[in-house]
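The values are calculated or read from the model by the stated rules, or taken from the named source; none is laboratory data. As the structure is a prediction and not an experimental result, all values here were calculated from the model. Methodologically, a virtual Cβ is constructed for each residue, glycine included, from the backbone with ideal geometry; neighbour enumeration extends over all protein chains shown. All accessible areas refer to the heavy atoms of the entire protein, side chains included, with ligands and DNA or RNA removed. Shrake-Rupley method; radii C 1.70, N 1.55, O 1.52, S 1.80 Å.
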Amino acid sequence: AFAVSVNPEGAEDETELPVLQKSGKSRTISKTSRELKEIVFIIQSQSNSFHAKRAEDLKRDILKQAADLGKELPTVLLIHQMDGPEGAWTILPLMRDFSVTYGRNSSWIFFCEEDTRIQVVKLLETLGRFDKSKEWFLGKALYDEESTIIHHYAFAENPTVFKFPDFAAGWALSIPLVNKLAKKLKSEPLKSDFTIDLKHEIALYIWQKGEGPHLTPVPEFCTDDVNSYKVDHCATTFSNFLPLCGEPVKKEDIFVAVKTCQKFHGERIPVVKQTWEREAALIEYYSDYADISIPTIDLGIPNTERGHCGKTFAILERFLNHSSPRTPWLVIVDDDTLISIFRLRKLLSCYDPSEPVFLGERYGYGLGTGGYSYITGGGGMVFSRIAVQKLLASKCRCYSMDAPDDMVLGMCFSGLGIPITHSPLFHQARPMDYPKGYLSHQTPVSFHKHWNIDPVKVYFTWLAPNPEESLNGKKVGYNREDL
């Protein structure tokens, strides 16, 4: 490729143009305008107003960098604005559209999250190292150190062998691979089942039991903070902080409902009281037995071994009818959920409680065949009061008392046209169930399950307010590597 410079009138000539990077080093642009136009940027966006704005800001930044370079502008798309199935966020259902629309005139589809930061020149250089006529799956590699329930214990003998992309760093598919995937999807539609960890499931689908490409790790795809000294070589960085959009919401603005049952009163509730209960101003424990020592409230719903739909809807009714109408937020957690209410107060400062908000960790069910997305219950489910009002006004209810409450809620909100809002800071499983590289750029809000761990130690390691956050300045510290 010849080098491009831009004269004051914007015409290209074939001399070299040094570009000043943040590091102060000069680099030479050696990519043509055409090559930038051959990248389709896909931002993995959401329709909630806070997330949509962040995605739009990133789109503007990409287009401004391209314009400043004097390049032809690339295509930048936001997933939540695409026509198509409710499961567009799972990306694979979009492959056929990508192939039809971009299969002839583009070279790469580059995916990123709303908080991924991109240096366009560096990204062009990085993608330029790969032969665009071949099938490439590029990203920052994550892997499981031990087999995990989240990934259905895949590669149990040696889970480290299978690599999957950290979406936060951005990831790319070459057009030949997109075309191949589209062709396969046409002949073999996606199976209708659960979407639990999209980045792992996409990598498995592309791998095709060893017949397709593995993920190729790209060191320039980074999750270090943009201000880190480590990022000179990075084409992407990640804004790895807990968002704060003003003052944290008040403690009294969050009503916390803990689902429990008599058999766990002595085992799990003491953990809540030793850890995060003190962070909550308004908290009630709902059980099948009234125990004044905790105290618990008997909702008159017998405990069920499977789903807890009846109990959850009774909690929603109680929140609407018995809590202060000035309390805008409801959080429902299990008795073995570990949560930082302190961090949740910061996070909720970014959401408008006058909108119907249903927030947590997103899963999907049957999204290839008209299914729905839902917030998985163990990591905590957050509702704005208006979302609860709309839900209960709709008459959508449990099909049985022991139906899975989180899935029924997802089905109900889907029917109402209320999108769920995903945050990767909520976790359905334990810290050791996630790759260390994935958690390293997070400020987590929750984890779930006490299985084979010391939950008090996990709370103080991962979730307790740090000395700057803590009101009393005291902190019990553990090393995350010990867990």
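At-a-glance table
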{"read-out": "Members of the range 92-123 that are assigned to a helix (DSSP H, G or I) and open to solvent by 10 Å² or more (accessible area, probe 1.4 Å)", "value": "LEU92, PRO93, ARG96, ASP97, SER99, VAL100, THR101, TYR102, VAL121, LYS122"}
{"read-out": "Yes/no for VAL178 being under 30 Å from ASN466 (Cα atoms), modelled with pLDDT of 95 or more and either β-branched (Val, Ile, Thr) or assigned to a loop (DSSP other than H, G, I, E, B) (or both)", "value": "no"}
{"read-out": "Residue match in the range 261-282 (condition: modelled with pLDDT of 95 or more, open to solvent by 70 Å² or more (accessible area, probe 1.4 Å) and within 24 Å of the chain's Cα centre (by Cα))", "value": "no"}
{"read-out": "Considering residues of the range 240-253 that are in contact with a Leu (Cβ under 7 Å, 6 or more places away or on another chain) and open to solvent by less than 50 Å² (accessible area, probe 1.4 Å) only, the residue farthest from ALA168 (Cα to Cα)", "value": "VAL249"}
{"read-out": "Some residue of the range 338-348 being of a type outside the set (Val, Ile, Thr), farther than 30 Å from GLU114 by Cβ and open to solvent by less than 10 Å² (accessible area, probe 1.4 Å)", "value": "no"}
{"read-out": "When residues of the range 320-331 are limited to those that are crowded, with 20+ Cβ neighbours inside 10 Å and touching a helix residue (DSSP H, G or I) at 6+ places or on another chain (Cβ under 6 Å), the one farthest from HIS308 (Cα to Cα)", "value": "PRO328"}
{"read-out": "Sole exception among (1) open to solvent by less than 10 Å² (accessible area, probe 1.4 Å); (2) farther than 30 Å from LEU58 by Cα for TYR153, by number", "value": "(1)"}
{"read-out": "From SER384, SER373, SER394, residue being of a type outside the set (A, V, I, L, M), closer than 20 Å to ILE315 by Cα and either modelled with pLDDT under 95 or open to solvent by less than 10 Å² (accessible area, probe 1.4 Å) (or both)", "value": "SER384"}
{"read-out": "Search result, residues across the range 429-442 that are of a type in the set (Ser, Thr, Tyr) and either modelled with pLDDT under 95 or part of a helix (DSSP H, G or I) (or both)", "value": "TYR438, SER440"}
{"read-out": "Residue in the range 80-91 that is part of a loop (DSSP other than H, G, I, E, B), modelled with pLDDT under 50 and either in the same structural domain as THR126 (by the TED database) or small (Gly, Ala, Ser) (or both) present", "value": "no"}
{"read-out": "Members of the range 368-387 found to be assigned to a helix (DSSP H, G or I) and touching a strand residue (DSSP E or B) at 6+ places or on another chain (Cβ under 6 Å), listed by number", "value": "GLY378, GLY379, ALA387"}
{"read-out": "Number of positions in the range 227-239 that are open to solvent by 50 Å² or more (accessible area, probe 1.4 Å) and either in a helix (DSSP H, G or I) or touching a residue at least 60 places away in the same chain (Cβ under 8 Å) (or both)", "value": "4"}
{"read-out": "Verdict on ALA55 being touching a residue at least 24 places away in the same chain (Cβ under 8 Å) and among the small types (Gly, Ala, Ser)", "value": "yes"}
